[in-house]
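Heads up, the thing below is written out as structure tokens.
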Amino acid sequence: MARRADRRLSATGATYWLSSYELGAEIENQDALRWNARYGRDGQGWLAKPPAQLLMDHLWLLPKSGCALDAAAGVGTNGLFLARRGLNVLALDVSLVGLRLAMERARQNGGNFAAVVYDLSRLWLPENHFDLVLNFRFLIRSTFTQYRRGLKPGGVLVFESFVSSPHADHPSPYHLKPGELLDAFGDFEILFHRVVPGKRKYADRPRWIEQLIARKPKKTA
Ligand SMILES: C[S@@+](CC[C@H](N)C(=O)[O-])C[C@H]1O[C@@H](n2cnc3c(N)ncnc32)[C@H](O)[C@@H]1O
């Protein structure tokens with residue numbers, strides 16, 4: 001079923017963004033089922049969101065050409081924005097429904113954008129390949145070593161995710177621990193870092209967001 005739909009997409013003639021990648025088969029784990037349902041219910045709402053403010057505020061720190069990875073891309077808002085600016089973007093996400101919405105928008109808006117349905121808990125990246133890695137609102141800790149490996153020397157990581165309060169009695173495993181992100185990328189050049197309060201949507205559970213932009217060091221002699 002999923003593969004038939006993919007072929008239909010690639011048969012529209014707008015194959016430039018499918019170049020060497022395809023959406024691939026649907027994944028059916030719990031994350032995929034949950035996010036497919038979410039994007040199925042409110043895909044238009046997700047598509048209506050603008051690119052992340054962290055990106056918009058720091059465009060001058062980001063490469064304008066080369067290869068970018070948008071990890072857990074969802075409907076691809078951030079990756080599509082950067083593709084239109086000139087980057088070749090690979091979007092990975094476990095949700096076929098989210099990535100289909102991203103691909104439809106890529107077809108309308110243009111830009112060099114490819115998407116693959118992928119479970120990031122099994123991420124493997126080629127060494128020194130990406131000029132930019134985006135990780136927005138997503139946390140699987142095993143990706144850290146792959147981001148480090150996959151970035152070219154001088155490549156930039158942009159990371160934004162929820163962080164546990166230092167006062168939390170039971171920190172969520174899905175939230176960064178205080179200091180964890182800086183520890184993981186401590187040898188990178190820190191271009192921007194802060195922890196800010198999240199939106200007050202969940203007033204009973206105040207949430208904090210950690211933002212990091214860091215550059216992989218160039219090899220030393
Ligand atoms: C909060 S959304 C963030 C989407 C996008 N980065 C953004 O900021 O708009 C989290 C995303 O993580 C994806 N995701 C969850 N578990 C995943 C996994 N194991 N592998 C790949 N993607 C996953 C979901 O499908 C969803 O698109």
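Throughout, read-outs are computed from the coordinates displayed, never taken from laboratory work. All figures in this text were calculated on a predicted structure; none of them were measured in a lab. Virtual Cβ from ideal backbone geometry, glycine too; neighbours counted across all protein chains shown.
Things worth noting here:
- For the stretch 74-88, the set of residues classified as within 13 Å of the ligand (Cβ to nearest atom) and either part of a helix (DSSP H, G or I) or surrounded by fewer than 16 Cβ atoms within 10 Å (Cβ to Cβ) (or both) consists of Thr77, Asn78, Gly79, Leu80, Phe81, Leu82, listed by residue number.
- Residue, farthest from the ligand (Cβ to nearest atom), within the stretch 103-133, restricted to residues that are part of a helix (DSSP H, G or I) and among the small types (Gly, Ala, Ser): Ala106
- Screening Ala48, Ala71 for residues that are of a type outside the set (S, T, N, Q), within 12 Å of the ligand (Cβ to nearest atom) and touching a residue at least 12 places away in the same chain (Cβ under 8 Å) leaves exactly one candidate, Ala71.
- Pairing each residue of the stretch 134-147 that is within 10 Å of the ligand (Cβ to nearest atom) with any residue that is among the hydroxyl-bearing types (Ser, Thr, Tyr) and in a loop (DSSP other than H, G, I, E, B), provided the two are 6+ apart or on different chains, yields C-beta distances under 7 Å for Leu139/Tyr174.
- Selection status of Asp131, buried (at least 19 other Cβ atoms within 10 Å of the Cβ), acidic (Asp, Glu) and farther than 30 Å from Pro173 by Cβ: yes
- Selection status of Ser95, within 12 Å of the ligand (Cβ to nearest atom), touching a residue at least 60 places away in the same chain (Cβ under 8 Å) and more than 12 Å from the chain's Cα centre (by Cα): yes
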